[in-house]
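Quick notes on the structure that follows.
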Amino acid sequence: MENTITQKESIVYQRPASFRPAPTHYCPGCTHGIAHRLIAEVVDEMGIREKTIGVASVGCSVFTYRYFNFDFTQAPHGRAPAMATGIKRTLPDKIVITYQGDGDLASIGMGEIAAAAARGENISVFFLNNAIYGMTGGQMAPTTLPGQKTSSSPSGRDVETAGYPVRTSEMLATLDGAGYVVRRSLHSPKEIHRTKKAIRMAFETQLRGLGFSMVEMLSSCPTNWGETPNDAMSWIEDNMMPYYPIGDFKVHPALAEVKI
Amino acid sequence: MAKELLKGNIAFAEAAVRAGVDAYFGYPITPQTEALEYLSWRMPNLDRAFVQAESELGAINMVYGAACTGRRAMTSSSSPGVSLMMEGLSYIAGTEVPMVLVDVMRGGPGLGNIAPAQSDYNHIVHGGGHGDYYPIVLAPANIQETIDLTYEAFELAEKYRSIVVILIDGSIGQMMEPAELPPMKSRKKQFPEWATDGCEGRPARFLSSIALDPPIQEITNLRILKRWNEVRANEVRYKTYFMEDARYAVVGFGTAGRVSLSAVRAARAEGIPVGLVRPVSLHPFPEQVLGDLSKKLDGMLVVEMNNGQMLDDVRVHTKDRLPISFLGRPGGVIPMEEEVREAIKRLVANPPPIGSDPRDRWFAEICREKGVC
C-alpha cells in the first residue's frame with residue numbers, strides 16, 4: 001500500500017507533444033507564445049499531430065515552424081492561404097492550418113485570404129492581430145487604430161491620408177464560403193480560455209468539411225507599442241477591443257452539435 | 001497509340017495528366033486558357049486536384065504548397081501572368097521543390113498583345129525572380145515535342161529538385177497538329193524524404209526558403225549551383241538540320257526555329273550550304289555545340305521573335321569568333337520564311353565584320369524599314 005500515492009500521481013500540466021521544447025524568439029509580453037501553446041494543446045487533444053500540416057507566414061511568426069512539432073512549410077508574405085489551398089487540395093485528408101499576422105493577412109495577403117474564404121477552402125487560419133508590423137520594427141499596419149502612433153505614422157494614424165483599420169473577421173464572415181469566423185483576445189486568462197475553445201472549433205470545422213475557418217486573436221506587441229508587458233494587456237482591452245469587438249461572426253449551423 | 005489532331009494547349013495539358021500530375025492550379029490568360037479549361041474537368045474526373053486560382057500569385061503559391069507535399073504539381077500561364085508568378089518561383093527554387101510551369105509567351109512588355117512572341121527568354125532563362133537559381137527551360141517547336149517534353153518534365157524536375165519551364169509561344173499553344181500522346185502513367189505512390197505531407201510515424205519536417213544565417217544561405221546557393229552543374233552536364237538538348245556539310249548555321253528556337261527550317265530548306269534548294277541549330281534546352285544552353293561550330297563555320301544567323309535575347313547567349317558561347325547576323329521580330333510578330341531566307345543570303349553575300357554588334361546592324365535595318373528611325 002505504500003505505493004498508493006505514487007500510483008495516483010499523474011502529470012496534469014506538461015508541454016504538448018505538438019510543441020517543441022525550444023526557446024521562442026518572441027519578446028517578453030508577446031502573446032504569440034500563448035497562441036502557439038493553445039494550438040499545440042488542441043492538436044494534441046484531438047490526436048491529429050501526425051496529420052496536421054502548418055503554413056507559416058512572414059512577420060514575427062515566420063519562425064513558428066521552430067516551435068510546432070508537426071510538418072510545416074513557410075509561405076511568401078501574405079500567400080499562406082494559397083499555399084495551404086495547394087496542400088489541402090492535394091492531400092484532402094490532412095489538416096492544414098495557416099498562422100498569420102495582421103500585416104501578412106490583412107494587407108499584402110488580403111487577396112489570398114479573401115479568395116480562400118470565398119472558395120470555402122477547408123483550411124483553418126489562426127490570425128494574430130496586434131495592430132502593428134512587429135518584425136520590421138513597428139510600422140503602421142492595416143489594423144493600426146486611428147490616431148495610433150507607429151514608426152510610419154509618427155503623429156498617429158491619420159485616417160484622412162492612411163484610411164481606416166480593417167475589421168477582417170467581419171468582412172470575411174460575409175462570404176458564403178466561411179464556415180467559422182470569430183474574434184477572440186489573448187489579454188486575460190478568461191479570454192485565453194475562450195480562445196482555446198475557438199481554436200478547437202476551427203479544427204472541428206475543417207474536420208467536418210464545413211468550409212473556411214478563422215480565429216482572429218487580439219494580440220500584444222509591447223516592444224513596438226512602447227508598453228510594458230502588463231500595460232500591453234490593458235492596451236488590448238482599452239484600445240483594441242472597442243474597435244475590434246470579441247464575437248462570433250460566422251458559425252456554421254452544423255457546428256451546434258460540437259460540444260467542447 | 002495513333003496520332004490525333006491536337007491543339008498545343010490541350011496537348012501539354014493531357015501530356016501532364018499522363019505523366020501523373022497530381023495537382024494543377026491556374027488562372028485564365030490568353031493564349032494559354034484552353035489548358036486551364038481542359039484540366040478543369042479532366043483533373044476532377046481523375047480525382048486529382050484542380051483550382052482556378054484568384055490570380056497567378058495564388059496559382060503559383062498553390063503549386064508551391066502542393067509541391068511541398070512531394071506530389072506532382074504544375075501551372076501554366078502566359079507572359080504577364082508569369083511575371084506575377086515570379087515571387088513564387090523564387091521561393092520554390094529557394095525551397096528546392098520540383099514543379100513544372102508552361103509559359104505560352106505573348107507579345108509584351110506590359111499588357112502587350114496576345115500574339116506569339118519569344119520575349120520571355122531572359123525573364124525565364126536568366127531568372128526573373130530574385131536570388132540565385134536556375135530553372136531548366138525546354139523550348140519545343142511543335143506539338144509532338146511539346147507533349148514529349150511535358151511528359152518528361154516532371155521526372156527532370158524531381159531528379160534535380162528544380163523548376164522545369166516548358167517555354168512555348170502563342171502559336172504553338174494555339175495551333176493544331178497530328179501528334180501521339182504517351183501512355184497513362186500511374187500516379188506516384190512513394191514520396192521523397194523531404195515531403196511535408198504529415199508526420200505519421202516519423203519526425204516532423206519543415207520546408208522553407210528561409211536561411212536567416214548568411215553562411216547557411218551561401219551553402220544553399222552553392223548546393224543549388226552544384227545541382228545546376230549536373231543539369232548542364234546531363235541535360236543539354238538541341239536539334240540540328242542539314243548541318244553535315246553546312247558552312248553557315250541559322251540558330252533559332254521554338255516557332256522561330258521552325259520558320260527558319262523552312263528558310264534553310266529553301267536556301268539549300270538555291271545551293272547555299274546552310275543548316276539549322278535549334279536549341280531545345282534553352283537552359284542549359286547548348287553552349288558546347290555552338291562553341292564548336294563557331295570554330296568551323298563561316299557565319300551564323302540568329303532568328304528570334306524578340307529584340308535579340310538569346311542572341312546575347314549565342315555571342316557569349318561563340319565568343320564572336322565568326323560573323324553573326326540577327327533577325328528579330330518583336331512584339332508578337334512572326335518572321336516570314338522569305339525574311340529569314342533573305343537574311344541568310346545577306347549573311348553569305350556580305351558577312352559582317354567579326355565582333356561587330358549584330359543587334360545594332362539589325363536595328364538600323366529594321367528601323368529604316370519600319371520608318372521609326
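In whole Å, what is the distance between the alpha-carbon centres of segment A:85-146 and segment A:219-243?
Using only Cα atoms, the two centres lie 21 Å from each other.
By DSSP, what percent of the beta bridges with both residues in segment B:228-339 are antiparallel, rounded to the nearest 5?
Values: 4 of 17 bridges.
Given both bridge residues lie in segment B:228-339, the antiparallel proportion sits at roughly 25 percent.
Distance between the C-alpha centers of segment B:95-118 and segment B:313-373? Whole Å please.
25 Å
Give the percent of DSSP beta bridges with both residues in the protein assembly as shown that are antiparallel, rounded to the nearest 5. Before the final figure, lay out the partial values.
Working: 18 of 80 bridges.
Restricted to the protein assembly as shown, the bridges split so that about 20 percent are antiparallel.
Rounded if a/c is under 1.5, else prolate if a/b is larger than b/c, else oblate: which is segment B:238-370, with a ≥ b ≥ c the root eigenvalues of its Cα gyration tensor?
On the way: a/c = 1.19, a/b = 1.12, b/c = 1.07.
Rounded shape, in that the Cα axes give a/c under 1.5.
Can you tell which of B:VAL104, B:ILE136, B:HIS123 lies farthest toward the positive end of the dipole of segment B:4-234, using +1 and -1 charges on the Cβ of basic and acidic side chains (Lys, Arg; Asp, Glu)?
The listed residue farthest towards the positive side: B:ILE136.
Could you please report the charge total around B:ARG237, scoring K, R as +1 and D, E as -1 over all other residues with beta-carbon less than 13 angstrom from its beta-carbon? Each step should come with its number before you reach the end.
Values: positive: B:ARG232, B:LYS239, B:ARG278; negative: B:GLU145, B:ASP148, B:GLU152, B:GLU235, B:GLU287.
So the surrounding residues net to -2.
Which of B:LEU225, B:LEU46, B:LEU36 ends up with the largest GNM mean-square fluctuation for chain B, with Cα atoms connected below 10 Å?
Residue with maximal mean-square fluctuation among B:LEU225, B:LEU46, B:LEU36: B:LEU46.
Give the aspartates and glutamates whose C-alpha is closer than 14 Å to that of B:LYS185, dropping any in the same chain fewer than 8 places away, or say none.
B:GLU14, B:ASP22, B:ASP148, B:GLU152, B:GLU155
Roughly speaking, what is the stretch gain from B:THR30 to B:MET184, that is 0.36 nm per residue apart minus the C-alpha to C-alpha distance, in nm to one decimal? It would help to have the intermediate numbers written out before the result.
Numbers: separation 154, 0.36 × 154 = 55.44 nm, distance 2.78 nm.
Full extension of this stretch gives 52.7 nm more.
Per residue of B:66-75, how many C-beta atoms from partner chains lie within 10 Å of its own C-beta, taken as a mean?
That works out to 4 on average.
Take peptide B:19-26, look around each residue's Cβ out to 10 angstrom, count Cβ atoms belonging to other protein chains, and average those counts. Can you show the working numbers first?
Numbers: counts 0, 0, 0, 3, 5, 1, 5, 0.
Counting Cβ atoms of other protein chains within 10 Å of each residue's Cβ and averaging gives 2.
Which value in deg cm²/dmol, rounded to the nearest 500, describes the helix-derived mean residue ellipticity at 222 nm for chain B, given -39,500 (n - 2.57) per DSSP H run of n ≥ 4 and division by the residue count? Numbers along the way, then the final one.
On the way: 13 runs with 161 residues, N = 373.
It lands at -13500 deg cm²/dmol.
For a test of the definition: using alpha carbon positions, the gyration tensor, and the 1.5 limit on a/c, classify chain B as rounded, prolate or oblate.
In terms of gyration-tensor shape, prolate.
Identify all lysines with a Cα-Cα distance to A:LYS250 below 29 Å; exclude those on the same chain that are fewer than 8 residues away in sequence.
A:LYS51, A:LYS88, A:LYS94, A:LYS190, A:LYS196, A:LYS197, A:LYS259
Give the aspartates and glutamates reachable from B:LYS296 as a straight Cα distance under 14 Å; neighbours fewer than 8 places away on the same chain don't count.
B:GLU244, B:ASP245, B:ASP320
Can you tell which of B:ALA249, B:ALA349, B:ALA204 shows the greatest fluctuation in a Gaussian network model of chain B with Cα springs below 10 Å?
Residue with maximal mean-square fluctuation among B:ALA249, B:ALA349, B:ALA204: B:ALA204.
Taking Cα pairs under 8 Å and at least six residues apart, what relative contact order does chain B come out at, in percent? Please report the intermediate quantities before stating the final value.
Values: 797 pairs, mean separation 63.7, N = 373.
The value is 17 percent.
If the only charges are +1 at each Lys and Arg Cβ and -1 at each Asp and Glu Cβ, what is the size of the charge dipole of chain A around the Cα centre, to the nearest 20 debye?
The dipole magnitude comes to about 460 debye.
For B:ASP132, what charge total do you get from the other residues with a beta carbon under 14 Å from its beta carbon, if Lys and Arg give +1 and Asp and Glu give -1?
Working: positive: B:ARG223, B:LYS226, B:ARG227; negative: B:GLU96, B:GLU218.
Surrounding charge for B:ASP132 is +1.
Normalised by the residues of chain A, what does the relative contact order come to in percent, with Cα pairs under 8 Å and at least six apart? Walk me through the intermediate numbers first.
Numbers: 533 pairs, mean separation 46.5, N = 260.
In percent, rounded to a whole number, it is 18.
Using a simple charge model, +1 on the beta-carbon of Lys and Arg, -1 on the beta-carbon of Asp and Glu, nothing else, what dipole does chain B show about its Cα centre, in debye to the nearest 20?
Numbers: 40 positive and 46 negative charges, 113 e Å.
Around 540 debye, computed over chain B.
Calculate for chain A the 222 nm mean residue ellipticity that helices alone would give, adding -39,500 (n - 2.57) per DSSP H run of length 4 or more and normalising by residue count, nearest 500 deg cm²/dmol.
Values: 9 runs with 80 residues, N = 260.
Taking each H run of at least 4 residues, the total per residue is -8500 deg cm²/dmol.
Counting other Cβ atoms within 10 Å, keep those with at most 14, restrict to DSSP loop, and tell me which GluC sites (Glu not before Pro) in segment A:1-95 are left. Please report the intermediate quantities before stating the final value.
Numbers: sites: A:GLU2, A:GLU9, A:GLU41, A:GLU45, A:GLU50; in loops: A:GLU2, A:GLU9.
Counting only loop positions with at most 14 other Cβ atoms within 10 Å, the GluC sites (Glu not before Pro) in segment A:1-95 are A:GLU2, A:GLU9.
Against the longest principal axis of chain A, how steep is helix A:80-90, in degrees 0 to 90 to the nearest 10, with axes from Cα atoms?
Tilt relative to chain A: about 40 degrees.
First check a/c for segment B:42-106, with a ≥ b ≥ c the square roots of the eigenvalues of its C-alpha gyration tensor; if it is under 1.5, answer rounded, and if not, answer prolate when a/b is larger than b/c or oblate otherwise.
It is oblate, given that a/c is not under 1.5 and a/b is not larger than b/c.
Bear in mind these aren't lab numbers, they're just calculated from the coordinates by the rules spelled out. Keep in mind that what you see is a predicted model, and the values were worked out from it rather than measured. Neighbour counts are summed over all protein chains in view; Cβ atoms, including those assigned to glycine, are modelled from backbone coordinates with ideal geometry.
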